[in-house]
Amino acid sequence: MASMTSSSVPLILLVPLVLGSMMVASAGNLNQDFDITWGDGRANIVNNGELLTLSLDKTSGSGFQSKNEYLFGKIDMQLKLVPGNSAGTVTAYYLSSKGSTWDEIDFEFLGNLSGDPYILHTNVFSQGKGNREQQFYLWFDPTADFHTYSILWNPQRIIFSVDGTPIREFKNLESNGVPFPKNQPMRIYSSLWNADDWATRGGLVKTDWTQAPFTASYRNFNANACVWTSGASSCGSKSPSSTSNNNAWLSQELDSASQQRLQWAQKNYMIYNYCTDTKRFPQGLPTECTTS
């Protein structure tokens, strides 16, 4: 590298100021963004950081977490799920904070017998309270190829999307007394584990260990996100309305075309919605279910 001239120094120093308003994780190297946290060698980052695999056998599952904590972001990851007879297995991919009043935004993929569809389970926890499950089938085989699963989390709403199609929106209704995740930074976590006591048909179908090891794969992680470091956000104290186009996700909402796609997904592929489960809530549905 050529020696740095004095005239180039001001330009070099300006670069962090320009980039400081938002962090973009590279899609290139998962080693830079994630730590494998458990599994005794059952989780691996290979292909020069381009691919991460989790595996499960009768002894143990495996998992990873992000190096960074985030307070709001648009998080994308491509997953290819456990193929074949995946009954009893769960692949969890989620954001979560720590502590007894934690916040959490969940994708969970519930395995099934060969030929039966996976169930995509979603949930939102705020201040330690969840019970906001919505479940979906997918309109493709999630084990045949990689598909993009996205969480948009900004101060106004959380949107779950699959290959760019929104499937669920959870709005900030704090004005109606519904807690919303907005104060606690969260890490990204993922794990592949055995949950055959409940995952498949309520636990009726057990894991077939002759099919082990079970493997799920991850690639093309991308985060347009506010990184939380030492009590401060990389997005600074700017209000969403004053942010640049690069930070447009901070105030993003569903436009009319996206609303139509959301309605399509929910009409055709939603198989459980807590907001219609009157047996579960005999005293009345939760506030967010009855507030537009």
- Note on the structure: For TRP139, placing the label point 7 angstrom along Cα-to-beta-carbon and taking segment 168-198, residues whose amide nitrogen sits under 20 Å are 168-170
- Evaluate the Debye formula for the chain with equal point scatterers sitting on the alpha carbons, no solvent, and hand back log10 of I(q)/I(0) at q = 0.09, 0.12, 0.13 Å⁻¹, in q order, two decimals. -0.47, -0.82, -0.95
- Message: If neighbour count is taken as other Cβ atoms inside 10 Å, put CYS289, CYS226 in order from fewest to most.
- Response: CYS289, CYS226
- Placing +1 on each Lys and Arg Cβ and -1 on each Asp and Glu Cβ in segment 60-146, then taking the dipole about the Cα centre, the residue among PHE64, TYR93, PHE136 whose Cα reaches farthest towards the positive end is PHE64
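Could you compute the net charge surrounding THR200? Neighbours are other residues with a C-beta less than 15 Å from the C-beta of THR200; K and R count +1, D and E count -1.
After counting each charged neighbour, the total is -3.
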- Note on the structure: Residues PHE221, PHE140 in order from fewest to most other beta-carbon atoms within 10 Å are PHE140, PHE221
- Message: Compute a Gaussian network model of the chain, connecting alpha carbons closer than 10 Å, and tell me which residue from THR122, THR207, THR229 fluctuates the most.
- Response: THR229
- Along the positive direction of the dipole of segment 21-290 (beta-carbon charges: Lys, Arg +1; Asp, Glu -1; about the Cα centre), which of VAL162, VAL124, TYR218 reaches farthest? VAL124
- Message: Excluding same-chain pairs closer than 8 in sequence, count the lysine pairs in segment 21-290 whose Cα atoms lie under 26 Å apart.
- Response: 28
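Using R₀ = 41 Å, calculate the FRET efficiency as 1/(1 + (r/R₀)^6) where r is the Cβ-Cβ separation of LEU173 and THR210; round to 0.05.
For LEU173 and THR210, the calculated efficiency is 0.30.
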- Message: Between segment 253-292 and segment 95-113, how far is it from one alpha carbon centroid to the other, in angstrom?
- Response: 19
- What do the square roots of 5 times the Cα gyration tensor eigenvalues come to for segment 71-149, in whole Å, largest first, as semi-axes of the equivalent ellipsoid? 25, 14, 10
- Message: Contact order normalised by length for the chain, with contacts defined as Cα pairs under 8 Å and 6 or more residues apart; what percent is it?
- Response: 26
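To the nearest 20 debye, what is the magnitude of the charge dipole of the chain about its Cα centre, counting +1 on the Cβ of each Lys and Arg and -1 on the Cβ of each Asp and Glu?
420
Only the coordinates and a few stated rules stand behind these numbers; no lab work does. Here the structure is a predicted model, which is why all the values come from computation and not from measurement. In this analysis, Cβ positions are derived from the backbone assuming ideal geometry, glycine residues included, and neighbour counts consider all displayed protein chains.
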